[in-house]
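Just so it is clear, none of the values below were taken in a lab; they were calculated from the coordinates. Model, not experiment: these values are computed from the prediction. Positions of Cβ are backbone-derived with ideal geometry, glycine not excepted, and every protein chain shown enters the neighbour counts.
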Amino acid sequence: MPIALMKRTSLPGIWTSTSGRSAHPFRDIRNVRLAPKETLLHRRWSGYPSTERDCGIMRSLSSPKPFSDAAVAAFPYECRAMAERAARELATFVDDGYRKTSTRMEVLGKPIYVPRRFHFLNTVERADINDGAFPAAQCLLTRSTDGHLRQRALNAIINLRESWIAPFVVPLIGEYVVEIVEDIQASLSSLDQGIYSNFVRENRDIMRTVRSRAVSYWDAYYRDRFPDRAAYPGLVALRQLEEWAS
């Protein structure tokens, strides 16, 4: 099945630096409060840490793994064959020199290690993903440095009723692209309550970190849009998950 992915858009300023040159995909931009709007938009959609406090908050492995190993470790053992196939089919579209650590989570009592980010090449939109590997491939694409890829991949998996989907959905609630967070909020009614309540109960420390990040991004970027913090989509979604798990 050809993988249907959203192409980069021409939203003003997203891929251009203030000097007029194309922004480097790995440039680490700090000074959040001094950065112009164009730079903030670029960072939101391209996977940069928005502040220094966003780096390394969750429990992570001490050293990054090669893509194929990291991809397989992100799924329970019973999904190994699917994960290995997805890793093989995506491997040629990954910049494996861009390494990020993985975060330990629990799925039905077993540990998995979900990567913080992968950097996929633009040509990934031409990937021909086998049907059997498609769900796992989409899960891995939710870890892309490209926000448009993350959003499209999220919408491909969010309605799947599998316990190993939740670790790729829930962390996105605490990320900085509010359009992705809004997609999750809009899908709450279709989520499997049992799967997500189990994930919350098994990963309390992860949930605390996701909430902390959601509050931080609301404070940094979205106070004007959501004056009432409780109405921020990320906190609405987290409140619902916690209610299910209570």
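What to note about this one:
- Taking Lys and Arg as +1 and Asp and Glu as -1, the other residues whose beta-carbon sits under 11 Å from that of Arg143 total +2.
- A Stokes-Einstein calculation at 37 °C with viscosity 0.692 mPa s, built on the Kirkwood radius of the stretch 136-235 over Cα pairs, returns a diffusion coefficient of 238 µm²/s.
- A dipole drawn for the stretch 32-245 from +1 and -1 charges on Cβ atoms has a positive end, and of Ile206, Cys79, Ile173 the residue lying farthest that way is Ile206.
- Residues of the stretch 180-210 with amide N under 19 Å of the 7 Å Cα→Cβ point at Arg104: 199-210
- The amide H of Phe75, built 1.01 Å from its N in the peptide plane, has Tyr113 as neighbours under 5 Å, considering only residues 5 or more places off or on other chains.
- Label point distance in nm, Arg223-Glu179, each placed 7 Å from Cα along Cα→Cβ: 2.5 nm
- Taken over the stretch 32-245, the alpha-carbon convex hull comes to 115 cubic angstrom per residue.
- Placing pseudo-labels 7 Å out from each Cα toward the beta carbon at Asp69 and Asn130 gives an inter-label distance of 2.4 nm.
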